[in-house]
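Peer 1: This structure is in structure tokens; I'll ask about it shortly.
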Amino acid sequence: MVLLRLSPTNAFSTTAHVLKGGLVYIPLDRIRCNEYCQSMARLADEIKMTKPFSLMEEEASLSVVRTADVMSQRMAELLKPFEVSSSQYNVLRILRGAKEPMACGQIAERMVSRDPDITRLLDRMEMRGLISRARAEDDRRVVKTQITAKGLSLLDDLQPVIVEYHRRQFAGFGEKKLKQLVEWMDQIRATAEM
């Protein structure tokens, strides 16, 4: 069942429920739901397709990619005032969670989005004082990286901004739908990595 939020003056259904604040919730049957869903923006409209998708799987795949792109752009906008990229933010979170300094390859393995030049990324972060690097004492060939006090402070400043973004982004989903979404994304990644 889908619920549509309307003002009391727009409610023409005998199944409408008037709630606090005068809001009316109308359960939508399949016909009403289909009409409502058709009015919502769809991927084909967003990318200005002139022909329908040939496969539903193609539409689903492109929808996931498009959604990830939109979310990445929004995250970049949120991070911009802090002069940090999404990749740098990811590195800082990885290093904060690590209990000891990490080698470059270990950081690269844990990145959410792969960065083809992790060494240069770390160079820029070290120049800003967000991380520090030193050669490992047991193996001088290995350079270990750790987060600095400045990097931790930046993460502390970012925390409320990121938390609010995630809450707004998934407002109305509820825990059950969010768990289902996470399961679907896990399944998609597992299939893609085959």
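Peer 1: Given V70, V84, which one is within 21 Å of I162 (Cα to Cα) and not in a helix (DSSP H, G or I)?
Peer 2: Values: V70 fails: not in a helix (DSSP H, G or I).
When all the criteria are applied, what remains is V84.
Peer 1: Follow-up question, since we're still on this one. It is to be established whether one or more residues within segment 69-84 are β-branched (V, I, T), more than 19 Å from W184 (Cβ to Cβ) and modelled with pLDDT of 90 or more.
Peer 2: Step one: filter segment 69-84 for residues β-branched (V, I, T), giving 70, 84.
Adding the requirement that they be more than 19 Å from W184 (Cβ to Cβ) leaves 84.
If we keep only those that are modelled with pLDDT of 90 or more as well, we get 84.
Checking segment 69-84: at least one residue is β-branched (V, I, T), more than 19 Å from W184 (Cβ to Cβ) and modelled with pLDDT of 90 or more.
Peer 1: Going residue by residue through segment 146-156, is there one that turns out to be over 18 Å from L79 (Cβ atoms) and assigned to a helix (DSSP H, G or I)?
Peer 2: Yes, segment 146-156 contains a residue that is over 18 Å from L79 (Cβ atoms) and assigned to a helix (DSSP H, G or I).
Peer 1: Let me ask something else. Out of G105, G129, G151, I need the residue that is at pLDDT 95 or above, exposed (fewer than 14 other Cβ atoms within 10 Å of the Cβ), in contact with a helix residue (DSSP H, G or I) (Cβ under 9 Å, 6 or more places away or on another chain) and of a type outside the set (D, E, K, R). Which one?
Peer 2: Numbers: G105 fails: at pLDDT 95 or above; G151 fails: exposed (fewer than 14 other Cβ atoms within 10 Å of the Cβ).
Answer to the selection: G129.
Peer 1: Here is a further query. Select from segment 137-161 the residues that are closer than 22 Å to A108 by Cα and β-branched (V, I, T) and write down the one among them that is farthest from the chain's Cα centre (by Cα).
Peer 2: Top of the filtered list is V142.
Peer 1: Kindly list the number of the only condition in (1) over 30 Å from D186 (Cβ atoms); (2) modelled with pLDDT of 95 or more that fails for L95.
Peer 2: The failed condition is (1).
Peer 1: Pull out all pairs, ordered by first then second residue, where Cβ-Cβ is under 6 Å, the residues are six or more apart or on different chains, the first lies in segment 65-91 and is without any contact (Cβ under 8 Å) to a residue 24 or more places away in the chain, and the second is exposed (fewer than 14 other Cβ atoms within 10 Å of the Cβ).
Peer 2: Taking only residues 6 or more apart or on different chains, the pairs are N90/V112.
Peer 1: Looking at T119 and the list (1) part of a loop (DSSP other than H, G, I, E, B); (2) at pLDDT below 95, which single condition is not satisfied?
Peer 2: Condition (1) is where T119 drops out.
Peer 1: Mind counting the residues in segment 134-175 that are free of Cβ contacts under 8 Å to residues at least 24 places away in the same chain and either more than 24 Å from L121 (Cβ to Cβ) or of a type outside the set (D, E) (or both)? So that I can check it myself, show each step before the final result.
Peer 2: Our first condition is that a residue be free of Cβ contacts under 8 Å to residues at least 24 places away in the same chain; within segment 134-175, this holds for 135, 137-141, 148-150, 153, 156, 159-160, 163-164, 166-168, 170-175.
With either more than 24 Å from L121 (Cβ to Cβ) or of a type outside the set (D, E) (or both) added as a condition, the list becomes 135, 137-138, 140-141, 148-150, 153, 159-160, 163-164, 166-168, 170-175.
Residues in segment 134-175 being free of Cβ contacts under 8 Å to residues at least 24 places away in the same chain and either more than 24 Å from L121 (Cβ to Cβ) or of a type outside the set (D, E) (or both): 22 in total.
Peer 1: Next question, about the same structure. Would it be correct to say that A136 is modelled with pLDDT of 95 or more and more than 16 Å from Y89 (Cβ to Cβ)? Quick ask: steps written out before the conclusion?
Peer 2: Values: modelled with pLDDT of 95 or more: no; more than 16 Å from Y89 (Cβ to Cβ): yes.
In short, no.
The values are calculated or read from the model by the stated rules, or taken from the named source; none is laboratory data. Only a predicted model underlies this, so the values are computations on that prediction, with no experimental measurement involved. Every residue, glycine among them, receives a Cβ derived from its backbone with ideal geometry; neighbour counts consider all protein chains shown.
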